[in-house]
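Input: a single structure, listed below in structure tokens.
The values are calculated or read from the model by the stated rules, or taken from the named source; none is laboratory data. Please read all numbers here as calculations on a predicted model, not as lab measurements. Glycine gets a Cβ as well: all are built from the backbone with ideal geometry, and neighbour counts include every protein chain shown. The protein model used for the area step is the full one, side chains on, heavy atoms only, and it has no ligands, DNA or RNA in it. Shrake-Rupley method; radii C 1.70, N 1.55, O 1.52, S 1.80 Å.
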Amino acid sequence: MNGERWSPPPCAQPDGRRGAAPLPFERTSPLRAKRLGKLLERHPNRPFARYVSDVGLRGAHLGAHSFDDSKPTIRPNLPSAQDHDSPEGRALLKWLDTERKAGRLRGPWEKPPHPNFQSWPIGAIKKRSYIPIEVKARVITHYSAGKDGGLNAAIPHEAKTLQYMTIAQAVAAAAEWRAAGAHVYAFKVDLKDAFRILQVAAECLHLQGIHIRRNGKDEFYVDGHLGFGTGSGPRIFDSFASAIHWILEQRCRSGGASIRLFHLLDDFLFVAWSRVDALRAQAAKDALFIELGIPEQLEKRCSPTRRLEFLGVMVDFAQATLGLPGDKRDRLMASLAKCVEGRCLLKELESTTGLLTFAGVTIPLHRPLVSSLYAGQAIARRKGFRHVRLSAEARADAKVLRDAIGLGTELPWEALALTPYNTDLTYAVDASGADGCGGFSLDHGRMFHSPWPKGWRQGDAYMSTGLQELVAVAYLVETIPAGSSLCVWTDSMVAKGAVGKARSPVPIVNALLRRLLGACGRRRVGLVVAWHGRESSMSAIVADLCSHGRFQEAVSALPQLSAASVAPASSTVTQICTTVLSDTQPKP
């Protein structure tokens, strides 16, 4: 995260490319690269420091050294760039003119400026679904165009691979400090122009060509800065961001600010021990950005606070909770409603899954359900469809997600770090194929048993021990006190895996999982399912006795249960089984 464990991507910063002489390198970035290199002289990872310094001074190599650029190629633009009278077309022309005036785009020329010039399809899309494209657009260059995968296919996989930070990491650091007595404050920083801060090396400039026709005339440009669409771009930029991360840590430490720093590309989060520490860190950051010429999005600047939105999630450092901001929740609910209907535009589904990528941290148990939406998205992309017709399974998953998000409840931080040993309640359960299911809890002082209703005994259609054990888990989720965290020990790896993946190839298991996860969301229950050996652990032996309704033998085996109450479970178990079986029966 701060470059100390960084390893260079393949073919990073080579001497140059074969062929015609490169276009001249012209410094157009506000970054003070020499000063950056000076500040990295004491970085413990010397290859990292040299790489970032070289990128700052000479520009970044894209890493596509196997790409065949022996012939100049002009590729047709995306539809949004061809109609200049459309909102997308006007947004693209506005971007071209803005980037040219800023010096990041070189041109226009009437002819290709290099004998090996490569132009790629370019187009404009909305940067935010709720902001008109004329106000704010994101321009993407399609470097993967062509049957051979284009420029990006020539970039090694390692150069396109990057591990991002997670909200859970920041929450874990803040929770540790809270436990030690800190009054945690935080603030965030968003770099302006992000990737565009960095330039591209002279040897790669001709690979970033743009061609448009305006007013009947050809215009050729070369993009001299890193942009969206290059496979290696995120890792290149993250190397720069990691260098800034490390320098900020040093400056904050020397300035007496106790902070934990996190970043995801151009988004930085400062978590401070106190408000005084946060103010000191903010002053150190301001001084460094001025010193290095790093632009910041001032409209997103915030004072140290105990509650802020970061990466689309509302983080409350005072109450130790996570939630979704109201506007994002409303948009996500509307998007998921279209998914429940079963038919939507591919770009709408892509927006939905994108939102769920970050929103999923607030519903950790339900996050795996997104996989069925990704599957529908992948099929539509592969077949070139503009519309997606979602499967019945995906529609059902979307409904569970919509219901969970629609509750609007905030998630306690503890729910992100649940283990079998830190939950409020612990149960051991088992299912006997013929007699029923049951289980017990020492800390809850409770035992339960329910016989199987009709159609749920071993040998009946669709029945399996894994499915039967999930019934016992679902029963507990629906009957323990709301807002509790629960660990359930089971001897079924099938049940454990099904809850972990929120998915099974068996339809009836999926139906039961959706009911179980829906109850977790509705009742704010945190759930962990753990495995114990069938014959080797006392908990498994006693749970087996409870599944047969043999409570006296269970107490004899585990005397601590002598004061435990016996919960009537039959009606709830019967309702669960009947509903799930009905949901999977063929409709007339």
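Points worth noting:
- None of P364, P420 is assigned to a loop (DSSP other than H, G, I, E, B), at negative phi and touching a Ser or Thr at 6+ places or on another chain (Cβ under 9 Å) except P420.
- Leading residue by the ranking (nearest to W456 (Cα to Cα)) among those in region 467-482 that are out of contact with any strand residue (DSSP E or B) (no Cβ under 9 Å at 6 or more places or on another chain) and open to solvent by 10 Å² or more (accessible area, probe 1.4 Å): E478
- Within region 569-578, restricting attention to residues that are more than 15 Å from G439 (Cα to Cα) and of a type in the set (S, T, Y), the residue that is least open to solvent (accessible area, probe 1.4 Å) is T574.
- Strands (runs of 3 or more DSSP E) contained entirely in region 72-160, each with at least 1 residues that are under 25 Å from L349 (Cβ atoms) and either in contact (Cβ under 8 Å) with a residue 12 or more places away in the chain or hydrophobic (A, V, I, L, M, F, W, C) (or both): 122-126, 137-141
- Checking each residue in region 45-71 for being touching a Phe, Trp or Tyr at 6+ places or on another chain (Cβ under 9 Å) and part of a loop (DSSP other than H, G, I, E, B) picks out N45, G59, L62, A64, D69.
- Filtered residues of region 369-399 (kept if among the charged types (D, E, K, R) and free of Cβ contacts under 8 Å to residues at least 40 places away in the same chain): R381, R382, K383
- The residue that is surrounded by the most Cβ atoms within 10 Å (Cβ to Cβ), counting only those in region 11-34 that are at pLDDT below 90 and within 33 Å of the chain's Cα centre (by Cα), is A12.
- Filter result (outside any helix (DSSP H, G or I), open to solvent by 10 Å² or more (accessible area, probe 1.4 Å) and on the phi < 0 side of the Ramachandran plot) within region 367-392: F385, R386, H387, R389, S391
- Answer residue from region 118-144, given it is modelled with pLDDT of 90 or more and either among the small types (G, A, S) or over 20 Å from G233 (Cα atoms) (or both) and is least open to solvent (accessible area, probe 1.4 Å) among those: S119
- Only one of the listed residues (T352, T357, T423) is of a type in the set (S, T, Y), free of Cβ contacts under 8 Å to residues at least 40 places away in the same chain and open to solvent by less than 30 Å² (accessible area, probe 1.4 Å). That residue is T352.
- The residue of region 296-316 that is nearest to the chain's Cα centre (by Cα), among those that are part of a loop (DSSP other than H, G, I, E, B) and farther than 24 Å from F240 by Cα, is R306.
- From the list V555, V566, the one residue that fits, being open to solvent by 30 Å² or more (accessible area, probe 1.4 Å), without any contact (Cβ under 8 Å) to a residue 24 or more places away in the chain and closer than 15 Å to R446 by Cβ, is V555.
- The lone exception for R514 - which of (1) within 17 Å of L581 (Cα to Cα); (2) in contact with a strand residue (DSSP E or B) (Cβ under 9 Å, 6 or more places away or on another chain) it fails: (2)
- Some residue of region 33-42 being of a type in the set (G, A, S), in contact with a Leu (Cβ under 6 Å, 6 or more places away or on another chain) and not in a loop (DSSP other than H, G, I, E, B): yes
- Filtering region 260-295 to residues that are open to solvent by less than 30 Å² (accessible area, probe 1.4 Å) and part of a strand (DSSP E or B) leaves L261, F262, H263, L264, F268, L269, F270, V271, A272.
- Total residues in region 499-536 satisfying the condition of being more than 30 Å from G360 (Cα to Cα) and touching a residue at least 24 places away in the same chain (Cβ under 8 Å): the figure is 2.
- In the condition set (1) within 22 Å of S53 (Cβ to Cβ); (2) surrounded by fewer than 22 Cβ atoms within 10 Å (Cβ to Cβ), L308 is compliant with all but (1).
- Residue count for region 222-240, restricted to those that are of a type in the set (A, V, I, L, M, F, W, C) and not in a helix (DSSP H, G or I): 3
- Residue tally, condition buried (at least 17 other Cβ atoms within 10 Å of the Cβ) and farther than 19 Å from I294 by Cβ, over region 35-50: 1
- Summed over region 160-202, residues that are closer than 22 Å to F240 by Cβ and either open to solvent by 20 Å² or more (accessible area, probe 1.4 Å) or touching a Lys or Arg at 6+ places or on another chain (Cβ under 9 Å) (or both) total 18.
- Some residue of region 400-411 being in contact (Cβ under 8 Å) with a residue 12 or more places away in the chain, under 29 Å from R178 (Cβ atoms), in a strand (DSSP E or B) and open to solvent by 50 Å² or more (accessible area, probe 1.4 Å): no
- Qualifying positions in region 452-467 - modelled with pLDDT under 85 and touching a helix residue (DSSP H, G or I) at 6+ places or on another chain (Cβ under 6 Å): Y462
- On inspection, G526 fails the criterion of being modelled with pLDDT under 90, over 23 Å from M463 (Cβ atoms), open to solvent by 10 Å² or more (accessible area, probe 1.4 Å) and not acidic (D, E).
- Any hit, region 512-519, residues being over 25 Å from the mean Cα position of the chain (by Cα), modelled with pLDDT under 95 and open to solvent by 10 Å² or more (accessible area, probe 1.4 Å): no
- Which numbered condition L205 fails, given (1) open to solvent by 10 Å² or more (accessible area, probe 1.4 Å); (2) outside any strand (DSSP E or B): (1)
- Region 426-458, subset under 20 Å from S571 (Cα atoms) and acidic (D, E), residue surrounded by the fewest Cβ atoms within 10 Å (Cβ to Cβ): D435
- Residue count for region 317-346 under the criterion of being assigned to a strand (DSSP E or B) and buried (at least 20 other Cβ atoms within 10 Å of the Cβ): the result is 3.
- Condition broken by E219, with the remaining ones in (1) crowded, with 23+ Cβ neighbours inside 10 Å; (2) assigned to a strand (DSSP E or B) satisfied: (1)
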